[in-house]
Amino acid sequence: MERLHTDLPGHIVDVFVYTVVLNLAIQYVPQLISETFTLSLFTAILLKFVLELIVSAKTRLKRNFRAASSRAGRVGAAVTLWLVLVGSKFLVIELTHLLFGDRVHLGGFWSVNGLIVVLMLARGGVRLLITPPELSPELRSPQPSPAPPAD
């Protein structure tokens, strides 16, 4: 809960970015349909939750892959990672249909895949633009540490 509270502005910015990207996609990609702006906002919130879960699962699976000492462990982790990455697109499609019915349609596997890629790129780009450099050293190239003062 602490992490949610400390990064609340970042989550809100993500939802705004997702809403803008989703509405642009709805305007220019015929397979994507949302009957109202409110539904597209709710869809952006749903995408935020689902993508956070997917990124978290992917991070844990990558850690398991790196920690696996046997070939079977690595293959198992790689297959599981692949299943999560592919299955997540179907999860997005099905949750959208379950919650919004025919009022929101994100297209098929490939259009959802493209939408997710664009959402994640836009999210990363906006966060890079709005995060002050002194607060995000991982987003900048490493700077050499100053030499210690001479005694």
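The values are calculated or read from the model by the stated rules, or taken from the named source; none is laboratory data. None of the values given here were measured: they were computed from a predicted structure. Every residue, glycine among them, receives a Cβ derived from its backbone with ideal geometry; neighbour counts consider all protein chains shown.
Determine, yes or no, whether Gly76 is at pLDDT below 90 and closer than 26 Å to His11 by Cβ. Step through it out loud before you land on a result.
Working: at pLDDT below 90: yes; closer than 26 Å to His11 by Cβ: no.
Spelling it out, it is not the case that Gly76 is at pLDDT below 90 and closer than 26 Å to His11 by Cβ.
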Exercise for the section: Could you tell me which residue of region 77-110 is surrounded by the fewest Cβ atoms within 10 Å (Cβ to Cβ), considering only residues that are among the small types (Gly, Ala, Ser), free of Cβ contacts under 8 Å to residues at least 40 places away in the same chain and out of contact with any helix residue (DSSP H, G or I) (no Cβ under 7 Å at 6 or more places or on another chain)? Expected result: Gly101
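Small (Gly, Ala, Ser) and outside any helix (DSSP H, G or I): does that describe Gly114?
Details: small (Gly, Ala, Ser): yes; outside any helix (DSSP H, G or I): no.
Taking the combined requirement at face value, the residue does not satisfy it.
Yes or no: Lys48 out of contact with any strand residue (DSSP E or B) (no Cβ under 6 Å at 6 or more places or on another chain), under 28 Å from Gly10 (Cβ atoms) and either touching a residue at least 60 places away in the same chain (Cβ under 8 Å) or surrounded by 15 or more Cβ atoms within 10 Å (Cβ to Cβ) (or both)? Talk me through it step by step, then tell me what you get.
On the way: out of contact with any strand residue (DSSP E or B) (no Cβ under 6 Å at 6 or more places or on another chain): yes; under 28 Å from Gly10 (Cβ atoms): yes; either touching a residue at least 60 places away in the same chain (Cβ under 8 Å) or surrounded by 15 or more Cβ atoms within 10 Å (Cβ to Cβ) (or both): yes.
Here the answer is yes, as Lys48 does meet what is asked.
Yes/no per residue for (1) surrounded by 16 or more Cβ atoms within 10 Å (Cβ to Cβ); (2) at pLDDT 90 or above:
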| residue | (1), (2) |
| --- | --- |
| Val13 | yes, yes |
| Thr19 | yes, yes |
| Leu24 | no, yes |
| Pro30 | no, no |
| Phe42 | yes, yes |
| Lys62 | no, no |
Completion exercise
Quick count over region 64-76, residues being surrounded by 15 or more Cβ atoms within 10 Å (Cβ to Cβ) and not small (Gly, Ala, Ser), is 3
Practice task
Mind counting the residues in region 77-106 that are β-branched (Val, Ile, Thr), assigned to a helix (DSSP H, G or I) and closer than 18 Å to Tyr18 by Cα?
Solution key: 3
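Does Phe42 satisfy being more than 17 Å from the chain's Cα centre (by Cα) and in contact (Cβ under 8 Å) with a residue 40 or more places away in the chain?
No; evaluated as a whole, the condition is false for this residue.
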